[in-house]
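Here the structure is laid out as structure tokens; the discussion comes afterwards.
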Amino acid sequence: MSEERRPIVIKRPRIVKGHHGGGWKIAYADFMTAMMAFFLVMWVISNASDEDLREISDYFGAPLEVSLLGGDRSSASSSAIPGGGFMAEQTQGEKGADLQRLQRQALADDSRMAALRDEIDTTMAQRMADDADLAELREQLQIELTSEGLRIQITDSDQHPMFALGSKQPSPQLSQLLGLLAPILKRLPNHLSITGHTDNRPFVGEGGYGNWELSTDRANAARRVLGNSGLPYERIVRVVGMGSRISLDSQNPEAAINRRISLMVLSQSAYRDITDSNGVNPQPAEDINSLRERLEQLASPVRVTNPVAGSPVTDSSVAFELDS
């Protein structure tokens with residue numbers, strides 16, 4: 001009888017793995033925190049005003065000018081080194097940041113003005129398509145971008161006068177046109193300047209009332225219509241009468257086109273020029289001199305000098321002096 005074959009049984013103990021620790025949860029929590037911060041920043045930016053966005057852009061556009069200890073946005077590089085030359089008021093990087101900030105402001109102004117021009121063109125085209133009387137004034141509305149901002153001119157015509165001859169009372173058509181412009185202008189933060197013009201026809205009213213007074217009164221009448229149509233009065237920074245001094249048609253100074261109302265939507269730089277020239281926050285003389293020196297620095301080369309006679313030139317003893 002053959003020997004019975006017995007099965008071979010191999011016993012292997014079960015190895016219980018330890019807990020994995022949940023490291024993925026930490027990575028997931030970091031990811032969710034980053035996403036929350038991202039959407040929070042996006043929400044804040046979407047609710048920020050144009051002025052806030054400009055300040056944020058300026059802040060990150062010139063980081064070297066911001067003190068980490070809470071100081072103002074001024075450079076400390078204007079201090080003098082005793083016994084030698086003076087540090088340049090700003091480094092090349094700081095100058096570049098200033099120029100970039102001014103360029104950004106100018107580009108933002110240009111963008112707003114171009115958008116305003118397009119909106120006025122679109123709105124007027126829609127309204128004039130529905131109103132035949134208003135459509136007849138289309139040729140009397142001129143819009144152009146200038147160095148000071150967006151100029152909107154409403155000119156006169158013999159067929160559709162904006163004012164009666166020698167009168168400061170606006171016609172119903174002019175009031176309607178200004179009433180359409182007011183809500184559009186209200187949506188922008190820019191200030192306005194209003195200028196009145198007359199033709200060259202001699203006009204003398206009671207008490208010496210002439211073209212100078214008439215042009216000023218017509219500009220002021222336009223201001224009142226804009227204000228009554230919803231434009232805040234404080235947005236209008238200047239009302240000027242030019243008489244017949246500046247003609248659109250210089251070859252024919254008595255032409256109707258020379259009688260006009262000019263609305264200037266001012267850029268930020270043009271508004272500052274007006275306020276500064278009228279004594280509002282005038283720039284001190286030392287600031288003007290500082291600005292003049294800075295402009296000279298932009299056009300002048302920089303050389304390295306030894307500020308202390310007899311001492312070696314090292315990183316800590318180098319001053320920059322402008323070539324004169």
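Bear in mind these aren't lab numbers, they're just calculated from the coordinates by the rules spelled out. Keep in mind the model is a prediction, meaning the values are calculated, not measured. So basically every Cβ, Gly included, is an ideal-geometry build from the backbone, and we count neighbours across all protein chains shown.
What the table below lists for this structure:
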| quantity | calculated |
| --- | --- |
| Net charge of Cβ neighbours under 14 Å - reference residue 129; Lys, Arg +1; Asp, Glu -1 | -3 |
| Pair residue 50, residue 201: separation of 7 Å Cα→Cβ label points (nm) | 4.0 |
| Karplus 3J(HN,Hα) series, Hz, for the stretch 220-236 with 6.51 cos²θ - 1.76 cosθ + 1.60 (x for Gly, Pro) | 5, 5, 5, 4, 5, 5, 4, x, 5, 8, x, 6, x, 4, 5, 6, 8 |
| Karplus 3J(HN,Hα) series, Hz, for the stretch 252-269 with 6.51 cos²θ - 1.76 cosθ + 1.60 (x for Gly, Pro) | 9, x, 9, 5, 5, 5, 6, 8, 7, 10, 10, 9, 10, 7, 7, 6, 4, 5 |
| Ascending count of other beta-carbon atoms within 10 Å, so fewest first, for 234, 148, 139 | 234, 139, 148 |
| Computed label-point distance, nm, for sites residue 108 and residue 134 using a 7 Å Cα→Cβ extension | 3.2 |
| Estimated FRET transfer efficiency (residue 142, residue 233; beta-carbon r; R0 30 Å; 0.05) | 0.75 |
| Amide H contacts under 5 Å for residue 241, placed H, 5+ residues apart | 196 |
| Likely footprinting exposure, 41, 225, fewest C-beta neighbours within 10 Å first | 41, 225 |
